[in-house]
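Here the structure comes first, spelled out in structure tokens, and everything after it is commentary.
The values are calculated or read from the model by the stated rules, or taken from the named source; none is laboratory data. Fair warning: this is a prediction, and the values are worked out from it, not measured in the lab. Heads up, the Cβs are rebuilt from the backbone with ideal geometry, glycines too, and the neighbour counts pull from every protein chain shown. Note: areas computed on protein heavy atoms with side chains; ligands, DNA, RNA excluded. Shrake-Rupley method; radii C 1.70, N 1.55, O 1.52, S 1.80 Å.
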Amino acid sequence: VGLPENIPGLFPLCQHSSTMASAHLQITVQNARNLYNVDGFLAGKSDPYVIVEVPGQKDLKFQTPVLSNTLNPVWNFTGEIKGFMDGDNLQFTVMDSDTFPKPDQLLGKVSLTAQDFYPEGMCAELPLVDSKSEATLSVTIHVLGNIPVPEAAVTVPERPGAGRVSIYGSACRANAAAAAGGGRLKVQVMRAAGLGESDPYVVCLVQGKENNSKFQTPVNSNSLDKVWNHVGMLKGFKEGEMLEFQVWDKHGFPKNDDLLGKVVLPSTLFFPSGLEGDMHLSDGKANDATLSLRIEVLPDTQAAGSPDGAQMTYEAPSPTTDGAHMTYGAPSPTTD
């Protein structure tokens, strides 16, 4: 798919028919800049959140978390809307959260039509209308397809470390990656079980490329349920390479961190169709521990605005499904 030269901010994600039926959209609300401070100087800064919706369709809607006391929030929150039709509008509304009985206040909004992002998707910084401060909102939209992608549950007992897994991802993008012999990996470290009392974090790396193809989750020290839902993008993955996950228990200096367990996945387990499942950990202190993962294979296409070789990550709370859409995003730490 060629990049339209006259439309800045658009980039191809997958080959789709130009005739739109009912589209499945994956939308990431990245950040906003220069929001208006409706609370006033003495009361602190705004507490913004974003509503993403198809007006008039109450089931086609999701909302980011509220970020407190910031005019330049970073959400990196991802949601999905299934059933977007030609003629619909996709509206982003940025609101300031207030406590009852004071109503929430509008900070700005922007509305898109299918012609703005279909079928190639978009990644752009959009000016907000009805804003008092020339604010902008950065979003990424992926068009995942016109037809829901079937999931085929398979058991792979002969693969070391593999529990119950399912094929995951778009057949179109998987075929494109397979034809090229490689691609980008969208890896979600969801949760772990059986780690006991620990402050764990996970390192994901491509064996042999430890210096430039790896990412790490935050340390999970405040929860009995070890849930990260941390997503990292690994570029330049080649068929035949090995993907390794190491789970470590964080300690303070001078004590070294302890290896709780690890699992190594050959590319034959997830390339090009992806997978989702629980992987058994070995070679560490945690007995009978598992790590829940989701891996999606994407064509190795450079996204607009992303430096070559960058490993992009974001975190999210547990996925929740609600009829026509699923949300699995969350705020990243932000400073002003």
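Quick look at the values:
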| quantity | calculated |
| --- | --- |
| Those trypsin sites (Lys or Arg not before Pro) in the range 51-142 that DSSP places in a loop and that have at most 13 other beta carbons within 10 Å | 58, 132 |
| Theoretical gain in end-to-end length, residue 111 to residue 85 [0.36 nm per residue, Cα-Cα removed] | 7.9 nm |
| With all protein chains modelled, accessible area of residue 282 [1.4 Å, Å²] | 60 |
| Isotropically averaged projected area of the range 181-220, using the convex hull of Cα atoms (one quarter of hull area), nm² | 4.0 |
| Cross-link table 102/186; 209/285; 109/238; 109/226; 61/226; 186/250, entries beyond 32 Å C-alpha to C-alpha | 102/186; 109/238; 109/226 |
| Cα-only Debye scattering, the range 36-137: base-10 log of I(q)/I(0) at q = 0.15, 0.18, 0.22, 0.24 Å⁻¹ | -0.65, -0.91, -1.25, -1.42 |
| Share of carbon and sulfur in the accessible heavy-atom surface of the range 185-284 [1.4 Å probe, %] | 47 |
| Largest to smallest accessible area among 204, 123 [probe 1.4 Å] | 123, 204 |
| With every protein chain in place, the range 86-136: carbon and sulfur % of accessible area (1.4 Å) | 51 |
| Gap separating the Cα centres of the range 102-122 and the range 30-98, nearest whole Å | 9 |
| Cα centroid separation - the range 125-147 against the range 264-292, whole Å | 36 |
| Accessible area per residue, Å², the range 26-111 with all protein chains present, probe 1.4 Å | 46 |
